[in-house]
Structure formats: structure tokens, C-alpha cells
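Below is one structure, written out as C-alpha cells; the observations come after it.
We did not get these values from a lab; they are worked out from the coordinates using the rules stated. No experiment lies behind these values; they were computed from the predicted model shown. FYI the Cβ positions are ideal-geometry reconstructions off the backbone, even for glycines, and counts take in every protein chain you see.
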Amino acid sequence: MPLQNITPINDQLADIIVRASEPWIEMRPGMAWVKVLWTGPETGRWVALFRWKKGYVAARHKHLADAHTYMLKGRIQVRDGILEAGDYDYEPNGVIHETTTALEDSEYLFVCEGPLVYFDDNGLTSYLGWEELRRLKDAAIASQ
């Protein structure tokens, strides 16, 4: 029996390649940067590299979808645990993080299935999802 036709119906399908020269976008001056690798408007998923200087503290936030973190270098404190280079962390939908702190200069790969909301004692302070990341990346590329 011959192999069925496996050519894609959509001939526009192609790999998305992000070059090493893509910009690191400063999120907090001198302390935190993001490199947006991929945003998926169809699903709300996004993938990014984060770079934090020692001492950076990420605000309290809630995951509105699950996420995967892979530490490339450094160490960060997440709740009662410490993630080090080579560690993987799965964060389920609905998890709440108090502050997360960079114990060393750190970089990690973050694969998120949806947005995060940041909050303080008075309520929501900000939102991070694929649309915000796409806007940041577009602005960074336009300013080069």
C-alpha cells in the first residue's frame, strides 16, 4: 500500500527562526530583560528567554495557564524552592507566586500556555500575555 499524500494543505507553513541577534528587551532598567521567541495568537501561548540580574525581584503573580521553566544559568528562588541551572519546573494553571528572586545572574527559558496577572494587596497591577510580548518585540525591532 503506497504512503498517503502527506503534503501540507497550507503551503505557507514554515519554520519560525529567531536569530541570536534578536534584541533583549529591557523590562526593568538594569535588572531584567526578555527575548521574545514566539507568540501564538491562535492559542495564547508564548515562549521567551528571561535574563535577570542578581537581586531582581519579580512581583507576585498568578498563572492563568500552565507554564514550563528551564533554567539555563544562575539560581532563582521560587516560593520555598531554589531553581538552578539545568532544573526544570512545571507550574500548573492557577498557581500563585509570591515574589520570585534572582539569587545570582540568571537566564531561563519560559514556555507559557497563556497569560500571567500581577497583583498587590490592592488588586491587579499588570498583565503579561502574548499580545503584550508581541508589542514589546515589534517596538524593539522598530527602534533598531
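Structure notes:
- Alpha carbon centroid spacing (whole Å) that separates the range 90-120 from the range 38-60: 8 Å
- Charge context of Gly114, other residues only, Cβ under 13 angstrom, K/R +1, D/E -1: -4
- Option label - Rg/Rh (Cα atoms, Kirkwood Rh) computed here, alternatives (1) 1.04; (2) 1.09; (3) 1.62: (1)
- Between the Cα long axis of helix 130-142 and the first principal axis of the chain there is an angle of about 90°, rounded to the nearest 10.
- Relative contact order %, the range 25-142, counting alpha carbon pairs below 8 Å whose residues are six or more apart: 31 percent
- Considering helices alone, the calculated mean residue ellipticity of the chain at 222 nm is -3000 deg cm²/dmol, with DSSP H runs of length four and up weighted by -39500 (n - 2.57) and normalised per residue.
- Between Met27, Met71, Ala48, the Cα set farthest toward the positive side of the dipole of the chain (charges on each charged residue's Cβ, about the Cα centre) is that of Met27.
- Likely footprinting exposure, Phe119, Phe50, fewest C-beta neighbours within 10 Å first: Phe119, Phe50
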